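Computed from the coordinates by the stated procedures, all read-outs in this text should not be read as laboratory data. Predicted, not measured: the structure shown is a model, and the values here were computed from it. Methodologically, a virtual Cβ is constructed for each residue, glycine included, from the backbone with ideal geometry; neighbour enumeration extends over all protein chains shown.
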Amino acid sequence: MTSKRIEFLRVTHLNGPNIWTYRPVIEAWLDIGELEDFPSNTLPGFYERLTAMLPGLAVHRCGVGEPGGFLQRLREGTWAGHILEHVVLELQNMAGMRTGFGKTRQTSTRGVYKMAFRTRQEQVGRAALEAGRELLHAAIHDTPFDVSQAVAALHELVDTHCLGPSTAHLVDAATARGIPAIRLTDGNLVQLGYGHKQRRIWTAETDQTSAIAEEIASDKDLTKSVLKACGVPVPEGELVASAEEAWAAAQDIGLPVVLKPHDGNHGRGVSLDLSSRVDVEAAYALANRKGGGRVIVERYIPGNEHRFLVIGRRLVAAAKGETAWVTGDGKANVLELVNSQLNTDPRRGTMEDAPLNRLNPHEAAEIVLELQRQGLTAYAVPALGQKVLIQRNGNVAYDITDEVHPSVAAVATLAARAVGLDVAGVDMVLEDATRPLTEQRAAVIEVNASPGLLAHLKPASGQPRDIGQALMTHLFGSQDDGRIDVVGISGQVNTTPLARLLGWLLHTCGRKVGLACQEGFYLGARCVDARDCTSWAQGQRVLLNRSVDVAVFEHSFSAILSEGLAYDKCRVGVVTDASRFEALKAFHIDNLDKLYTVARTQVDVVLPHGVAVLNAADAQVVEMAALCDGEVIFYAANADNTALAAHRVQGGRVIYFEGSEMVLAQGAATHARLHLPSLWAAAPAACDWVLAAVAAAWALGMSSELLGAALRTYKPTH
């Protein structure tokens with residue numbers, strides 16, 4: 001048996017920023033065995049087999065920086081770990097989960113590589129890794145592999161585990177605004193922002209969406225009463241409890257009429273333009289079945305169905321509906337005509353990302369009833385040239401946002417406000433949305449909570465609308481990024497006492513502090529959990545807490561390597577040291593350069609308006625100053641430290657000991673002198689971590705007076 005195979009030594013999902021990138025990745029340790037001696041250009045037929053299996057590899061840029069770069073590397077010769085990286089990325093893309101980042105690096109052990117690739121969902125990424133290995137083996141050994149089957153299985157995992165397309169659009173919009181996002185469940189419940197600034201969304205619902213308003217919207221009769229009282233045009237109608245009552249109501253209202261469920265949405269169970277008793281009674285049965293109870297009979301308003309999306313007090317998108325027809329050829333039945341004339345439209349599908357639904361005239365009750373009214377069934381054969389109406393509503397996917405008349409927009413926003421929804425889908429029937437309402441018959445027929453967004457994000461025709469940015473503005477205003485102050489502390493020396501002291505300093509100045517460190521999880525001065533809380537999961541507890549306005553995290557280097565950081569960005573990043581790698585050899589960190597890559601992760605995530613607090617006595621840490629997007633504060637025990645002195649010359653902020661005092665300085669000016677409490681005064685040089693804590697509090701704007709008072713009152717509990 002050949003040993004030209006790849007073995008997985010370790011597969012880890014890094015949940016947060018890590019040594020590879022700012023985003024979650026899967027890191028796989030690979031042993032490529034004999035393949036170390038067989039780069040791609042030495043494997044006969046491999047290039048042709050792999051590119052035939054995955055033609056999309058042709059657009060991968062790789063290190064060349066342009067499409068075709070990876071194929072160039074394949075022809076020149078590259079190793080199996082690097083090839084697997086690109087195969088896995090391409091499989092994820094083919095399955096509908098777009099990703100592009102990947103890196104592969106050799107370790108000091110021959111044939112062993114670390115490979116990392118971006119994935120938006122852990123289960124999908126792990127499955128793609130397994131499938132990618134098998135595909136690569138098949139290409140190497142010229143054995144069969146069913147690519148379409150593998151992609152179909154991955155696509156099913158994407159549909160099951162990933163955010164829906166609407167929620168994913170909203171999260172992408174948050175990311176574009178710099179607003180962090182945390183997925184709270186396996187479904188579409190997402191937290192945007194951290195701590196006390198957080199907001200929550202569930203697709204098109206927000207934490208501002210009123211439960212009372214949702215109840216009103218689900219009660220169509222009550223909705224109509226509320227709208228009518230506010231001057232919104234609505235169709236005349238009655239609530240009925242039997243087919244006989246429905247016919248009587250239809251006669252009272254005046255034919256033709258509409259029947260729909262009392263509690264329904266998305267057009268289910270709705271029948272339009274009914275003029276006969278037979279049709280009314282059949283429509284009643286359908287609406288009763290779909291709604292599970294009472295039925296509404298309304299006056300039929302001629303015109304097209306429209307959906308207006310209102311967010312806050314603003315109309316942000318509008319879509320128009322069209323009726324669906326087929327034309328007979330004298331040979332094919334209705335079902336065949338629908339499949340050939342309508343369902344072949346690539347915009348129609350069964351998945352959530354299709355702007356138009358696939359039509360099933362032999363199964364959909366609304367269509368079956370519509371055909372019956374025309375004396376047809378799904379299996380009837382219409383005459384040559386005979387037009388058959390398949391669906392009157394449900395095709396609202398043609399964007400008209402820029403064409404809506406102000407009077408129409410005003411009524412749509414009024415309807416949403418009247419019901420009380422912050423995000424609403426207002427359904428209106430009117431002849432022409434570009435004309436004033438006073439010139440046509442029009443009526444609001446429904447106001448929907450949690451409206452579908454896809455018709456506006458991916459319309460069947462017209463311009464897609466940026467619903468996500470509109471919702472972000474609604475939730476956060478035009479400037480807020482939903483962030484609280486986050487402080488990350490990384491290193492191997494005295495990081496726990498540093499974190500505890502910083503938590504106390506911030507607590508004493510009135511901040512609502514959440515602290516996750518080796519000694520526990522703290523809210524203010526109260527220990528909530530006395531276990532080691534430096535894991536990624538424990539860090540998430542801080543960010544989820546609605547009372548917290550500043551979060552402090554302690555990270556060991558091993559935690560960065562095994563899980564990643566618990567947050568995406570921080571206001572202050574503290575690095576205490578980067579000089580000893582012996583404890584990290586199990587992670588293949590066996591020299592100072594590799595240790596530098598780990599430690600710099602904390603500096604890489606400092607925000608542009610943030611601060612890196614760096615130990616000026618550690619040469620490796622000093623080098624990280626150039627990587628910081630924000631400001632740098634150096635700390636050192638002695639004022640004559642070379643890096644500290646040079647930083648002062650450049651006008652930077654520093655902190656150091658002078659006798660029993662801590663000196664806070666910027667450039668040539670002294671900002672403050674703080675007396676060092678007796679707790680540390682006996683050996684100040686060994687307590688440079690106190691300087692780091694004070695520097696971090698200073699970076700967050702804490703005054704020297706409060707810093708002095710907080711230091712005097714600090715009493716360690718361990």
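Each label point is 7 Å from the Cα along the Cα-to-Cβ direction; what then is the distance between the points at residue 544 and residue 189, in nm?
Distance between label points: 0.9 nm.
Go ahead and run the numbers for FRET between residue 639 and residue 713, Cβ-Cβ distance against an R0 of 22 Å, rounding to 0.05.
0.20
Relative contact order for the range 7-161: what percent, with Cα pairs under 8 Å and sequence separation of 6 or more?
24 percent
If you average the sequence gap of Cα pairs under 8 Å that are 6 or more apart and divide by the length of the range 324-391, what percent do you get for the contact order?
Averaging sequence separation for qualifying contacts and normalising by length gives 49 percent for the range 324-391.
Can you give me the P(r) profile for the range 7-161? Cα pairs, bins 10 angstrom wide beginning at 0, each as a whole percent.
Taking every Cα pair in the range 7-161, the percentages come to 11, 43, 38, 7, 0.
Which entry in (1) 40, 30, 28; (2) 59, 37, 19; (3) 47, 30, 25 is this structure's computed semi-axes √(5λ) of the Cα gyration tensor in Å?
Derived directly from the coordinates: (2).
What distance in nm lies between label points placed 7 Å from Cα along the C-beta direction at residue 52 and residue 160?
Using points 7 Å along Cα→Cβ, the separation is 3.2 nm.
With a Förster radius of 22 Å, plug the Cβ-Cβ distance of residue 469 and residue 434 into 1/(1 + (r/R0)^6) and report the FRET value to the nearest 0.05.
Result of the calculation: an efficiency of 0.30.
Among DSSP beta bridges lying fully in the chain, give the percent that are antiparallel, nearest 5.
In the chain, DSSP labels about 75 percent of beta bridges as antiparallel.
Return the loop-located trypsin sites (Lys or Arg not before Pro) in the range 476-579 (DSSP other than H, G, I, E, B) with at most 14 other Cβ atoms within 10 Å of their own Cβ; answer none if there are none.
Those that pass, being in a loop and sparsely packed, are 531, 546.
Residues in the range 181-218 near a label at residue 528, defined as backbone nitrogen under 18 Å from the 7 Å Cα→Cβ point?
Under 18 Å, as judged by backbone N against the label point of residue 528, lie 182-185, 191-200 of the range 181-218.
Using a Cα-Cα cut-off of under 13 Å, which aspartates and glutamates could be cross-linked to residue 290, ignoring same-chain neighbours fewer than 8 residues away?
263, 366
Over the chain, calculate the relative contact order: mean separation of alpha carbon pairs under 8 Å at least 6 apart, over the residue count, as a percent.
11 percent
For the range 555-627 and the range 375-401, what is the separation of their Cα centres, given in Å?
63 Å
Given R₀ = 51 Å, FRET efficiency for residue 537-residue 669 by Cβ-Cβ distance, to 0.05?
That pair, residue 537 with residue 669, gives E of 0.70.
Using DSSP to call loops (not H, G, I, E or B), can you name the trypsin sites (Lys or Arg not before Pro) in the range 355-444 whose Cβ has at most 14 other Cβ atoms within 10 angstrom?
Answer in residue order: 441.
May I ask you to compute the full-extension gain from residue 211 to residue 122, defined as 0.36 nm times their residue separation minus their alpha-carbon distance, rounded to one decimal in nm?
Stretched fully, the residue 211-residue 122 segment lengthens by 28.7 nm.
Applying a 10 Å radius around every beta-carbon, put 620-631, 664-675 in order of their mean neighbour count, most first.
620-631, 664-675
How do 533, 509, 570, 230 rank when sorted from fewest to most other Cβ atoms within 10 Å of their own Cβ?
230, 509, 533, 570
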